[in-house]
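Take a look at the structure set out below.
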Amino acid sequence: MIRQARIVLLVAAIAAGTGTLAAQTLTSGLRGATPLNDEGPASPMTPTRNTSEREMRNYPEQPPVIPHSIDGYQIDLNSNKCLTCHARARTGESQAPMVSITHFMDRDGQFLASISPRRFFCTECHVSQNVTNPPVSNDFVDVDTMLSRAAPGGRR
């Protein structure tokens, strides 16, 4: 009986201390003042960056970003719109960079005549960029900056 009373008091204390989920809100971050159990309004659509300039990569082995809009591109088992410009045979006329040679290797490191099936769905790794300000602050420092900070004479 005393044990049950303690449990009831503990539950009541927790409920009084935290309040209800609907009353809890965040005033900063991505949610804004939307309560945790509500769905906030959708963010406005931002325009896609559309340039021919190549973006700098922030770390080794980062997949290149897509510098143009890909709205309406079909990428499925039967078709890959990206390859109309980036395939090895099409880069001469399109002036687009060719798909990396690593995309022609199978999982055993053997080179194939065409794109490996595991590298066929471009948007699994490559993303287009939007013209927008970051929703949260970011203090990311790339590897070259880190190396120049570590070595007194600059780069190693």
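Key figures for this structure:
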item: Dipole moment magnitude, nearest 20 debye, the chain about Cα centre, only Lys, Arg, Asp, Glu C-beta charged; result: 400 debye
item: The stretch 85-156: relative contact order as a whole-number percent, Cα under 8 Å and 6+ apart; result: 13 percent
item: Sorted by Cβ neighbour density within 10 Å, fewest at the top, the residues I70, I115; result: I70, I115
item: Leading residue at positive end of dipole, the chain (Cβ point charges), from V11, P135, Q74; result: V11
item: Where only alpha carbons of the chain are counted, the Rg and the Dmax (Å); result: 25.4, 84
item: J(HN,Hα) series, the stretch 119-128, from Karplus relation 6.51 cos²θ - 1.76 cosθ + 1.60, nearest Hz, glycine and proline x; result: 10, 6, 9, 3, 6, 6, 10, 9, 10, 7
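No value in this document is a laboratory result; all are computed from the given coordinates. Remember, predicted model here, so these are calculated numbers, not experimental data. With ideal geometry, Cβ positions are generated from the backbone for all residues, glycine too; neighbour counts draw on all protein chains shown.
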